[in-house]
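Please read the structure below before turning to the comments.
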Amino acid sequence: EADIYQTPRYLVIGTGKKITLECSQTMGHDKMYWYQQDPGMELHLIHYSYGVNSTEKGDLSSESTVSRIRTEHFPLTLESARPSHTSQYLCASSGHRYEQYFGPGTRLTVT
Amino acid sequence: GDSVTQMEGPVTLSEEAFLTINCTYTATGYPSLFWYVQYPGEGLQLLLKATKADDKGSNKGFEATYRKETTSFHLEKGSVQVSDSAVYFCAHTRDNYGQNFVFGPGTRLSVLP
């Protein structure tokens, strides 16, 4: 059973606010990922990390930033939220066996 | 470049019907192949996987066979239930190191009682 957690599950926030979406995993996985999922369901990779102090941008350009100071923690930050950031954000991790394990997601609404 | 093409949804079936969701991929090397399922309001869950040609992945009555000659990984189930209603994603590893994935656009399945 995979253990990966995201908080908050739902967030409604006003334009211009700074927000941090939390993601933690207890499996000791080196690789972690952030995806943005649009209403049409498609997943877009926005950030990934292969280990502590390693972060890379994904396929979809994003105004968010990430950090990886501890293996188990991979937070995503938006310095100034905008309505265009409204989306579902999914965090995932993977170990030696390639498959990715997903958290429950954070549904963000920016008003 | 790498890509995954899936059957367009939504797919609507009656309970106990046979399910096929087509998936074809374009990739270099020898990718591992996956099917993920997403229930409403949740993240993705790994449904099954196959790591080499002719492997069959199976779980919860779902099956898919890695067909390298046709670059396909079609998902099948002999008798669907209402509880199978969800969005199904086909995916493959992007490189031989399995570092990143390429996901398909997802296929929504609705099963009616």
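The values are calculated or read from the model by the stated rules, or taken from the named source; none is laboratory data. Keep in mind that what you see is a predicted model, and the values were worked out from it rather than measured. Counting neighbours? That spans all protein chains shown, and the Cβs are built from the backbone with ideal geometry, glycine included.
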Of the candidates A:Glu72, A:Glu79, A:Glu63, the one satisfying the condition of being of a type in the set (Asp, Glu) and either touching an Asp or Glu at 6+ places or on another chain (Cβ under 6 Å) or modelled with pLDDT of 95 or more (or both) is A:Glu72
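Matching residues to (1) in a loop (DSSP other than H, G, I, E, B); (2) surrounded by 15 or more Cβ atoms within 10 Å (Cβ to Cβ); (3) within 12 Å of chain A (Cβ to nearest Cβ); (4) out of contact with any Ser or Thr (no Cβ under 7 Å at 6 or more places or on another chain):
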{"position": "B:Leu48", "(1), (2), (3), (4)": "no, yes, yes, no"}
{"position": "B:Ala53", "(1), (2), (3), (4)": "yes, no, no, yes"}
{"position": "B:Ala64", "(1), (2), (3), (4)": "no, yes, no, yes"}
{"position": "B:Ser79", "(1), (2), (3), (4)": "yes, no, no, yes"}
{"position": "B:Tyr88", "(1), (2), (3), (4)": "no, yes, yes, no"}
{"position": "B:Ala91", "(1), (2), (3), (4)": "no, yes, yes, yes"}
{"position": "B:Val102", "(1), (2), (3), (4)": "no, yes, yes, no"}
{"position": "B:Ser110", "(1), (2), (3), (4)": "no, no, no, no"}
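Please specify each residue of segment B:66-77 satisfying the condition of being among the hydroxyl-bearing types (Ser, Thr, Tyr) and assigned to a loop (DSSP other than H, G, I, E, B). First the steps, then the outcome.
Just the residues of segment B:66-77 that are among the hydroxyl-bearing types (Ser, Thr, Tyr), to begin with: B:66, B:70-72.
The answer is B:Tyr66, B:Thr70, B:Thr71.
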When (1) part of a loop (DSSP other than H, G, I, E, B); (2) at negative phi; (3) crowded, with 17+ Cβ neighbours inside 10 Å; (4) within 10 Å of chain B (Cβ to nearest Cβ) are applied to A:Tyr98, the one that fails is (2)
How many residues of segment A:36-66 are assigned to a strand (DSSP E or B), surrounded by fewer than 13 Cβ atoms within 10 Å (Cβ to Cβ) and polar (S, T, N, Q)? The answer is 1
